[in-house]
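The values are calculated or read from the model by the stated rules, or taken from the named source; none is laboratory data. Predicted, not measured: the structure shown is a model, and the values here were computed from it. Cβ coordinates were reconstructed from backbone atoms using ideal geometry, including for glycine residues, and neighbour counts include every protein chain displayed.
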Amino acid sequence: MENGVLLEVTDLNIEFHDHIIPETVVYDFDLTLREGEIVGLVGESGSGKSMSALAIAGLLSRKDMKKRGQIYYDGKDLLSISRNELRSIQGNDISMIFQEPLTSLNPVKKIYDQVEEPLRIHTELDKEQRYEKVLKILKEVELDDPEHVMKQYPHELSGGMRQRVMIATAMIMEPKILIADEPTTALDVTIQSQIVKLLKKLNAQRKTAILFISHDLSLVNSLCERVLVMKDGYIVESGPTKQVFNDPKEEYTKKLIAAIPKIDMTKVYRNE
Amino acid sequence: MRYALKKIVTMMITVIVVTLFVYIAFNLISGDPAISMLGTNATPERLNALREEMHLNDPVLIRYFRWLFALIRGDLGVSYSYKIGVSDMIMDKIPVTATMAVMAFVLMVVISIPLGIHTSKYQGGVIDRVIIILNQIIMSIPPFFSGILITFIFGRVLKLFTPGGYVSYSTDPAGFLWYMFFPSLAIALPKATMAVKLLRGSLVSEYNMDYVRTAYSKGNTTNGVIYKHMLKNAILPVITFLGMALTDIIAGSIIVEQVFGIPGLGRILLSSISNRDYPVVMAIIVIICCMVLVVNMLVDIIYSLVDPRISFEDK
Amino acid sequence: MKTSKKKNINFILGISVISVMALFILCGKILPLRDPNAIDASLKFASPSLKHPFGCDNFGREILSRVMEGSFSTFLIALGTVFIGTFFGIIIGALTGYFGGVVDEVLMRINDAIFAFPSILLALLFISLLGPGTYQVVIALGIAFIPSFARIVRGEFLKNRNMDYVKCAKLLGASDLRIMVIHILPNTLKVLLNSVLIGFNNAVLAEASMSFLGIGVQPPDPSLGRMLSEAQAYLFKAPNYALFPGLAIILMVLGFGLLSDSFEK
């Protein structure tokens, strides 16, 4: 594999089989993710961006879904390796955060247990070591009073805090790849910018590659070096963010860009 | 803590309403206890003397509170038919019925939880389908009929126990438990099927929750996701059901005792109903209701312990 | 897709089982069978045969016609019970849910208290006051069933009373009674239908239990519960005596259970 390439997806096709007629939702999806880069994946809802992301994270159930193509990570095809091998990568090398931090956290478990869980699954650390690690990561995601937060339940936290907890859980194993599926959509605008800044900081400090999925083009513009635009299951355009934004080739991309509100969010995020 | 206290207070109020209801119902409809005790051809003088003695001429509320305080002290009144203290009549029967109820409850939990987990995990599999069909059928069997079937199969055909036989818990505890096992099974089976159905449904709907996806994304195995994440969420509606089921089990034991010929509270209750022995009926009904209320309160408290959101909303 | 198919199967199965039972009961009314109470010593414990398909009981009475007659009375009693329970349950639930306030608080406390009684125990309480008998069972079970219906209806009315369509009707000057009956009640029917079906099943089981205990339908009139309690003594000698009344109860409950399953959301 080429130098610095972490993940290579080629010809990914996803088909659903829970209806009488099989339904394809993703066609010929290609993606290369290099160490430490942030790649944006944009498109309206139903365009297949979340499906592709879930497939990469190994979270599409195998029964009613057919996947073709390859997802190469570390010389292994994630689509054909065993469940056990996949599990040893999930939450360890590749982790994921989701759109709704409230429902994505287990309502009846304390924050500490939820953040600590990947350590229990993937490491042999003892109790104190795990505690130290959890405390460290909670500080790193800039939660105030982490000792208190870890004893709380998800419903006792604000939306922004919950997403920070999700990020802490995803980052605790220092994964190579973080897949962020619309992580700010459910949050207020001010919290949004904080979370985006946090993701940027973690990316800079830890060299974690981020696949950032969003329907918000201005966010993607401010965060990502490269971008892929999806429509109806196809990637219609891809390239460096600046190039795609300044000189869109596809009619659809032009429309998406034209739909961005006039206030320049790029400046809001970059200059703060 | 405040939540538990609030629940206890609510329970006390309900106890008072229940006992008042029972007391007034029996006093309004049951007629004159003096006549019940002495018979219809007693002389008016003797009846009046007895009424005075039993304070029957006092207002009903005063009599109620006198009865309630006596009840709390453990004085349940005197049986019309046997002229002995009600508490002497029923005290040694309570452990019989209680053992049967507890045993049935344990059986129900032990049967339903593993089956509920298994069927939800292998949805659409052979075992799942068989269980769904069996469930629907067993659910339709009244407990006394399942008792008759169990007597027939285990008692008559397999000869594992003597139908109609019984040994007291004071003479042979092991034998007593053995004789309690089959009636308990008869009560537990229909309830267990409902619990399986509920737990399966509850778990199946949990599979679609976002937090389950998160749990998988951490590298959990399916069993890890089920036992460490889903079960605690899915068990919440089941806890409420188990509480209600325990109520039904206590009531169901009255009937199943008749099938298996077990001398528990149910047998005395029924003979007292046909003898119109009201103090006994009242006492047993109040005791069973109190058992039920305590169970309900415990369920509420357990629920709040399992679900952190409850006590939070209460604050 | 899958689930709705399953619901359909449940619906068809449920309707079929109920139809079979209805036909069975109807046959008992129409066909010139033997009088269910007729005693014939020569037929004591006669095994099932062409002439007596279910066999005969300890008095030589025909089990088939007794099961038919018993199913009919169980059905009627359950119907009466559910009717009383729903009728008063709707009135109490509607008033408390719609108006709320102190009346609601008090009635709901009383309701909670009655709810604390297992329904069979409450029915036993009433039977011990009213004496055994068919009508007494209907009244006793009916009263025992009111709280659960009231609770469901109250919840629905509580949910609906602040909805926009109710506010709209109020603005248009509709009276409270009109809003309750014309506007809210139809919206609760779906939930109510399901609880009526479940209630019907519980009533069948409760009636059978009461008769089994000897405090329901009085002899010599046949009832499924009492037949089972008599059959118990001859379980080995004449298993058919216990089998057929038991099957009748199971089929009745199964049919309505499947039907209520298919209506669940």
Every pair of residues 6+ apart whose Cβ atoms lie under 6 Å, when the first sits in region B:251-269 and is of a type in the set (D, E, K, R) while the second is surrounded by 23 or more Cβ atoms within 10 Å (Cβ to Cβ) and modelled with pLDDT of 85 or more: B:GLU257/B:GLY264; B:GLU257/B:GLY266; B:ARG267/B:GLU257
task: Please work out which residue is farthest from C:VAL166 (Cα to Cα), limiting yourself to region C:199-226 and to residues that are away from chain B (no Cβ under 11 Å) and hydrophobic (A, V, I, L, M, F, W, C).
output: C:VAL217
- request: Output the residue which, of all residues in region A:73-101 that are without any contact (Cβ under 8 Å) to a residue 60 or more places away in the chain and of a type in the set (Gly, Ala, Ser), is farthest from the other protein chains (Cβ to nearest Cβ).
  value: A:SER80
task: Could you list all residues from region A:188-218 that are crowded, with 18+ Cβ neighbours inside 10 Å and farther than 21 Å from A:GLU100 by Cβ?
output: A:ASN203, A:THR208, A:ALA209, A:LEU217, A:SER218
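Yes/no matrix, rows are residues, columns are (1) farther than 17 Å from B:THR221 by Cβ; (2) of a type outside the set (Phe, Trp, Tyr):
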| site | (1), (2) |
| --- | --- |
| A:ALA55 | yes, yes |
| A:TYR73 | yes, no |
| A:SER95 | no, yes |
| A:VAL108 | yes, yes |
| A:PRO118 | no, yes |
| A:HIS122 | no, yes |
query: Any idea how many residues of region A:55-72 are in contact with a helix residue (DSSP H, G or I) (Cβ under 8 Å, 6 or more places away or on another chain) and either more than 7 Å from chain B (Cβ to nearest Cβ) or not in a loop (DSSP other than H, G, I, E, B) (or both)?
result: 4
- prompt: So which residues in region B:156-184 are among the aliphatic types (A, V, I, L, M) and either within 12 Å of B:PRO263 (Cα to Cα) or part of a helix (DSSP H, G or I) (or both)?
  reply: B:VAL157, B:VAL167, B:ALA174, B:LEU177, B:MET180
- line: Of (1) in contact with a Phe, Trp or Tyr (Cβ under 8 Å, 6 or more places away or on another chain); (2) at the interface with chain B (Cβ under 8 Å from one of its Cβ atoms); (3) crowded, with 20+ Cβ neighbours inside 10 Å; (4) without any contact (Cβ under 8 Å) to a residue 60 or more places away in the chain, C:GLN232 fails just (1)
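May I ask you to verify whether A:MET96 is closer than 26 Å to B:MET209 by Cα and touching a helix residue (DSSP H, G or I) at 6+ places or on another chain (Cβ under 7 Å)? Reasoning before the result, please.
Details: closer than 26 Å to B:MET209 by Cα: yes; touching a helix residue (DSSP H, G or I) at 6+ places or on another chain (Cβ under 7 Å): yes.
Judged against the criteria, A:MET96 is a match.
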message: Just the residues that are over 14 Å from C:SER209 (Cβ atoms) and more than 8 Å from chain B (Cβ to nearest Cβ), please, taken from region C:242-251.
response: C:LEU243, C:PHE244, C:LEU247, C:ALA248
query: Among B:THR240, B:THR214, which is the only one that is in a helix (DSSP H, G or I) and surrounded by fewer than 17 Cβ atoms within 10 Å (Cβ to Cβ)?
result: B:THR240
Verdict on A:TYR131 being more than 14 Å from chain B (Cβ to nearest Cβ) and aromatic (Phe, Trp, Tyr): yes
statement: Of the residues in region C:108-148, those that are within 12 Å of chain B (Cβ to nearest Cβ) and assigned to a loop (DSSP other than H, G, I, E, B) number 5
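Within region C:213-228, can you find the residues that are surrounded by 21 or more Cβ atoms within 10 Å (Cβ to Cβ) and under 21 Å from C:ALA38 (Cα atoms)?
Taking region C:213-228 first, the residues surrounded by 21 or more Cβ atoms within 10 Å (Cβ to Cβ) are C:213, C:215-217, C:222-228.
Passing the criteria: C:GLY216, C:VAL217, C:PRO222, C:SER223, C:LEU224, C:GLY225, C:ARG226, C:MET227, C:LEU228.
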- prompt: Looking at region A:85-104, is at least one residue within 15 Å of A:LEU12 (Cα to Cα) and assigned to a loop (DSSP other than H, G, I, E, B)?
  reply: no
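Each row is one residue, and each column tells you yes or no for (1) over 24 Å from A:ASP93 (Cα atoms); (2) within 29 Å of the chain's Cα centre (by Cα); (3) not basic (Lys, Arg).
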position: B:TYR179; (1), (2), (3): yes, yes, yes
position: B:ALA188; (1), (2), (3): yes, yes, yes
position: B:ARG200; (1), (2), (3): yes, yes, no
position: B:ASN208; (1), (2), (3): yes, no, yes
position: B:ASN220; (1), (2), (3): no, no, yes
- line: Cβ pairs under 6 Å, 6+ apart or interchain, first in region B:154-177 and within 14 Å of chain C (Cβ to nearest Cβ), second not in a helix (DSSP H, G or I), ordered by first then second residue, are B:PHE154/B:LEU160; B:GLY155/B:PHE161; B:GLY155/B:PRO163; B:ARG156/C:PHE236; B:GLY164/B:GLY261
- request: Answer yes if at least one residue in region C:89-107 is on the phi < 0 side of the Ramachandran plot, assigned to a helix (DSSP H, G or I), within 19 Å of the chain's Cα centre (by Cα) and surrounded by fewer than 24 Cβ atoms within 10 Å (Cβ to Cβ), and no otherwise.
  value: yes
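So, of the residues in region B:53-87 that are aliphatic (A, V, I, L, M), under 25 Å from the mean Cα position of the chain (by Cα) and assigned to a helix (DSSP H, G or I), which turns out to be surrounded by the fewest Cβ atoms within 10 Å (Cβ to Cβ)? Reasoning before the result, please.
Going residue by residue through region B:53-87, those that are aliphatic (A, V, I, L, M) are B:54, B:56, B:60-62, B:68, B:70-72, B:76, B:78, B:84, B:86.
Subsequent filtering for residues that are under 25 Å from the mean Cα position of the chain (by Cα) retains B:68, B:70-72, B:76, B:86.
Retained after the next criterion (residues that are assigned to a helix (DSSP H, G or I)): B:68, B:70-72, B:86.
Working: B:LEU68: 16, B:ALA70: 12, B:LEU71: 20, B:ILE72: 9, B:VAL86: 25.
Among residues in region B:53-87 that are aliphatic (A, V, I, L, M), under 25 Å from the mean Cα position of the chain (by Cα) and assigned to a helix (DSSP H, G or I), the one surrounded by the fewest Cβ atoms within 10 Å (Cβ to Cβ) is B:ILE72.
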statement: When region B:203-229 is checked residue by residue, the ones that are touching a residue at least 12 places away in the same chain (Cβ under 8 Å), touching a Ser or Thr at 6+ places or on another chain (Cβ under 9 Å) and within 13 Å of chain A (Cβ to nearest Cβ) are B:GLU206, B:TYR207, B:MET209, B:TYR211, B:ILE226, B:HIS229
task: Please work out which one of (1) crowded, with 19+ Cβ neighbours inside 10 Å; (2) modelled with pLDDT under 90 is the condition A:GLY159 fails and give its number.
output: (1)
- prompt: Is it the case that B:PHE145 is within 20 Å of B:GLY252 (Cβ to Cβ), surrounded by 14 or more Cβ atoms within 10 Å (Cβ to Cβ) and within 13 Å of chain C (Cβ to nearest Cβ)?
  reply: yes
